[in-house]
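Have a look at the structure below, then the notes.
Since every read-out is calculated from the coordinates, none of them should be taken as a lab result. Fair warning: this is a prediction, and the values are worked out from it, not measured in the lab. Every residue, glycine as well, gets a Cβ built from its backbone with ideal geometry; the counts of neighbours run over all protein chains shown.
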Amino acid sequence: MTRVAVVDYGAGNLGNARRAVVALGFEEVRVRSPAELGDVGPIVLPGVGAYGAAIARLEATGLAAALRAAVGAGRPIVGICLGLQLLYQRSEESDGVEGLGVLRGRVRRLRAGGLPLPHLGWAPVGTGDRAYYFAHSFCVEPDDAGDVIATARWGEPFVAAVRRGAVVGFQFHPERSGPAGLALLARALRGEDPTP
């Protein structure tokens with residue numbers, strides 16, 4: 001059975017992520033320190049909350065350096081919502097704070113065109129008719145448009161999913177998006193095509 005590391009750094013949606021990993025038939029390993037990250041298989045970086053506070057917790061525990069090293073060694077990682085944003089270099093939400101930087105680009109406030117923020121609820125992703133659950137006020141802006149595998153719209157088109165090598169990120173919550181979301185998370189964890 002494939003072991004999946006779910007990073008616990010005090011951010012929200014940890015329980016949902018852990019339950020989803022188990023429901024998909026993986027062995028879930030809760031990780032709160034670099035030593036626990038070890039050589040467990042794919043990594044899930046969940047998260048709901050503020051960019052700066054989340055990075056501070058990851059740095060304080062040593063998990064930030066361990067995650068950078070793991071990605072550098074080619075280990076698969078799946079970032080969800082704030083977890084996706086943390087993979088980037090910086091965020092408008094927390095000026096001067098350095099992110100994990102495993103993906104090049106920044107995080108910016110969603111330009112919702114008068115629609116309410118945060119963007120909460122279901123929205124279609126990509127060119128299909130499948131919808132996934134979102135809860136965010138910020139979105140990623142990759143330096144390389146080739147990293148983008150899906151977009152969605154809330155007042156403006158925004159990046160909904162990215163992939164670069166073994167690094168995958170979803171702005172939406174696949175673990176809260178019903179069977180389609182769970183199937184997408186399973187594909188990402190198995191190293192298969194994670195395009196929504």
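For 22, 102, 44, 148, the sequence from fewest to most other C-beta atoms within 10 Å is 22, 148, 102, 44. Annotation note: GluC sites (Glu not before Pro) in the range 93-196 located in DSSP loop regions with a Cβ neighbour count of at most 15 within 10 Å are 98, 192. Model label sites at residue 180 and residue 193, defined 7 Å from Cα along the beta-carbon direction, differ in position by 1.7 nm. Annotation: amide H of residue 158 within the under-5 Å range of 152, 153, sequence separation 5 or more or interchain, hydrogens built in the peptide plane.
Placing a label point 7 Å from the Cα of residue 115 along the Cα-to-Cβ direction, the residues of the range 144-187 whose backbone N falls under 14 Å from that point are 151-160, 172.
Taking θ as phi - 60° and the Karplus parameters 6.51, -1.76 and 1.60, the scalar couplings of the range 111-120 work out to 8, 7, x, x, 6, x, 10, x, 6, 10 Hz in sequence order, x denoting glycine and proline.
Taking other Cβ atoms within 10 Å as a rough exposure proxy, 61, 127 sort from fewest to most as 127, 61. Neighbour counting of Cβ atoms within 10 Å sorts the residues 7, 40, fewest neighbours leading, into 40, 7. For the range 33-50, backbone phi angles converted through the Karplus equation (6.51, -1.76, 1.60; θ = phi - 60°) give residue-by-residue couplings of 8, x, 4, 6, 5, x, 10, 4, x, x, 10, 10, 10, x, x, 9, x, 8 Hz, Gly and Pro being listed as x. Taking amide H as placed 1.01 Å from N in the peptide plane, residue 99 has its amide H under 5 Å from the amide H of 90, each at least 5 places away in sequence or on another chain. Between residue 33 and residue 1, what is the FRET efficiency for a Förster distance of 30 Å, r being their Cβ-Cβ separation, to the nearest 0.05? So the FRET efficiency works out to roughly 0.85. With a 10 Å cut-off between alpha carbons and a GNM built on the chain, which of 73, 20, 150 moves the most? Highest fluctuation among the options: 73. Could you give log10 I(q)/I(0) at q = 0.12, 0.16, 0.18, 0.19 Å⁻¹ for the chain, computed by the Debye formula over C-alpha point scatterers of equal weight, without solvent? Once normalised to I(0) and log-transformed, intensities are -0.51, -0.95, -1.24, -1.40. Computed over the chain, the per-residue total of -39500 (n - 2.57) for DSSP H runs of n ≥ 4 gives a 222 nm mean residue ellipticity of -7500 deg cm²/dmol, rounded to 500. Note on the range 118-146 and the range 1-46: Cα centroid distance 23 Å, given to the nearest whole angstrom. With a simple spin-label model that places each label point 7 Å from the Cα along the Cα-to-Cβ direction, the separation between residue 122 and residue 89 comes to 3.8 nm.
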